[in-house]
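Have a look at the structure below, then the notes.
The values are calculated or read from the model by the stated rules, or taken from the named source; none is laboratory data. Keep in mind it's a predicted model, so treat the numbers as computed, not measured. In this analysis, Cβ positions are derived from the backbone assuming ideal geometry, glycine residues included, and neighbour counts consider all displayed protein chains.
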Amino acid sequence: MPKLAKELQALTVSRLATPGLHFVGGVQGLALQVTGGSRSWLLRATIGGKRRDMGLGPYPEVTLAQARDKARDARELIRQGVDPIARQQAAQSAMRAAVAEALTFKDCAEKYIKAHRAGWKNAKHAQQWENTLAQHAYPVLGDVLVRDVKLPQVLAVIEPIWTTTNETAVRLRGRMELVLDWATARGLRDGTNPARWRGHLDKLLAKPSKVNNREHHAALPVGDVGAFMARLRSAEGMGARALEFAILTAARSGEVRGATWAEIDADAKVWTVPGARMKAGKEHRVPLSDAALALLAALPQGKPDALVFRAPRGGALSDMTLTAVLRRMDVPAVPHGFRSTFRDWASERTSYPSDAAEMALAHAIADKVEAAYRRGDLFEKRRLMMADWAQFLAHAERPAQVLPLKAKAA
C-alpha cells in the first residue's frame, strides 16, 4: 500500500510557494500544484490501471478541507468502478451545452440579422428589422429564453398594435416567425412556431385586409400636375431639382437621391439604376426625356462616382429634403405620390399598355408565371411614354368652363 504523505495544516499549506507538487496528506494522492504565481489542487490516482491526475479547483478558492472532501468523494467513485474524471468532463460538457442553448429571443434575433444582413439589398432593410424588434418585441420577450417563447408572449407583442398599426404588426409578426424558425433550425427550441400565421394566428387575429389602416401616399390629381410643375421649375435649390427629376422619370426618391453621374448616359438617353439601389433588387433602365436631359445638363457636373444631386454641404440629400420642397410650396402631396399621378395619367390619358407603366415604375410582377416568361423591359415603348409624360408636364391644364346656352328667340 502506498505510503501516505504527512498531513499538513492549513497554515503550512498557505506558505507553500516552491513550484512543483506538494502532497498534503489526509487523502492519498492529494497535492497542491504550484506553477508560477498560481496554485491549484490535484488528485493523483490510478483509474482503470492507469495513473491519472484530476483537478479539484484553484487554491485558496477551494480550501484545504474542501479539497480533502473532494478527493475522498473521487476515490470512493473509483472504488465503485466509476471514472471521476470522465464524470467531471461530462458535467462540464453538459454545462457548456446548456449555456450555448440558453439564448434569449434578442440574442437569436441579433444572430439572425447578422447571418442574413449580407443577403439583404441595403442597410435600410436591416435597420428596419432592428428598429421594429427593438421597439415592439424586445420589451416583451427580449430577455426570454428562445426555447420558452410561446403563444402568450407572441400575442403580447402584436395584439396591441394589430388593429392600430397593422402594416407594422404584420411585418413584425413575419420577422418574429423567421427568428423563431432560425432558432428551431439551430436546435435551440422545438415544437411549432407560435408566430406562424397560416393555421394558427389566422384563427386568433383579424385578417390584415380587414383592419389595415394604411393610408395611400398623398398625390396631386393628373389635371393639376402641369401647373405645379411650372411652379416647381421656378423654385431654387437642389431639392427642387431632384424632385423635378423624380417626377420626370417616375422614380422613387431614394433612387434619385442616390444617383451618380456614372449611371447617366446622356448620349444613349438612359439612366441605369443598379440593382443594389432598387427596391426589387434588379437593375432598372430609365429612358430620359429631353426635359430630363436638359435638367441634368444645367446641374454642376461631377466625377463618375459623384452624386448628381448633392446636398449643399456635400453628401446625399436627406429623405425629407424633397418633402420640404412640397411643404414650402404648400402642396398637399408627398414625393412618392407623383408616381401615383404618373400611373393615373398613363391609364386615364394615354393608350400605353399597363405593362409599360408598371415597368416604368419598376414594380415587381406579382404573377410568378408571367414573370418567368417576360424577357424584355419594353424600353422603346417606355421611351415614347416618358417623352409624352414630359410633354404633358410642360403644360398647365385650364379648368373647363361651362358656358350658358343662348336662349331661342320666341
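I'd like the residue in the stretch 10-30 that is in contact (Cβ under 8 Å) with a residue 40 or more places away in the chain and part of a loop (DSSP other than H, G, I, E, B) and, out of all such residues, is farthest from Tyr59 (Cα to Cα). Checked the stretch 10-30; the qualifying residue farthest from Tyr59 (Cα to Cα) is Gln28. Against the test of being touching a strand residue (DSSP E or B) at 6+ places or on another chain (Cβ under 9 Å), at pLDDT 95 or above and small (Gly, Ala, Ser), the options Ala297, Ala316, Ala292 yield a single qualifying residue, Ala292. Give the stretch 15-54 a look and list any residue that's loosely packed, with under 14 Cβ neighbours inside 10 Å and either touching a Ser or Thr at 6+ places or on another chain (Cβ under 7 Å) or of a type in the set (S, T, N, Q) (or both), or say none. Passing the criteria: Thr18, Pro19, Thr35, Ser38, Thr46.
Rundown of residues vs (1) assigned by TED's automatic domain parsing to the domain that holds Thr341; (2) surrounded by 19 or more Cβ atoms within 10 Å (Cβ to Cβ); (3) free of Cβ contacts under 8 Å to residues at least 40 places away in the same chain; (4) within 28 Å of the chain's Cα centre (by Cα), yes/no style:
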{"site": "Ala227", "(1), (2), (3), (4)": "yes, no, no, no"}
{"site": "Ala230", "(1), (2), (3), (4)": "yes, no, no, no"}
{"site": "Ala240", "(1), (2), (3), (4)": "yes, yes, no, no"}
{"site": "Ala246", "(1), (2), (3), (4)": "yes, yes, no, yes"}
{"site": "Lys269", "(1), (2), (3), (4)": "yes, no, no, no"}
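Of the residues examined, Ala102 is one that is surrounded by 10 or more Cβ atoms within 10 Å (Cβ to Cβ) and at pLDDT below 90.
Can you tell me which of Glu76, Glu61 is part of a loop (DSSP other than H, G, I, E, B), surrounded by fewer than 12 Cβ atoms within 10 Å (Cβ to Cβ), modelled with pLDDT of 90 or more and not polar (S, T, N, Q)?
Numbers: Glu76 fails: part of a loop (DSSP other than H, G, I, E, B).
None of the others qualify; the one that does is Glu61.
The residue list Leu141, Leu188, Leu103, Leu178 contains one member that is without any contact (Cβ under 8 Å) to a residue 60 or more places away in the chain and either within 19 Å of the chain's Cα centre (by Cα) or more than 30 Å from Ser318 (Cβ to Cβ) (or both), which is Leu141.
Screening the stretch 352-404 for helices (runs of 4 or more DSSP H) wholly inside it with 1 or more residues that are in the same structural domain as Phe338 (by TED's automatic domain parsing) and at pLDDT 70 or above returns the ranges 354-360, 379-393. Exactly one residue out of Ala280, Ala219, Ala246 is out of contact with any Ser or Thr (no Cβ under 8 Å at 6 or more places or on another chain) and among the hydrophobic types (A, V, I, L, M, F, W, C), and it is Ala280.
The single condition among (1) more than 42 Å from the chain's Cα centre (by Cα); (2) modelled with pLDDT under 85 that Asp69 does not meet is (2).
Scanning the stretch 102-117 for residues that are assigned to a helix (DSSP H, G or I) and of a type outside the set (A, V, I, L, M, F, W, C) yields Lys106, Asp107, Glu110, Lys111, Tyr112, Lys114, His116, Arg117.
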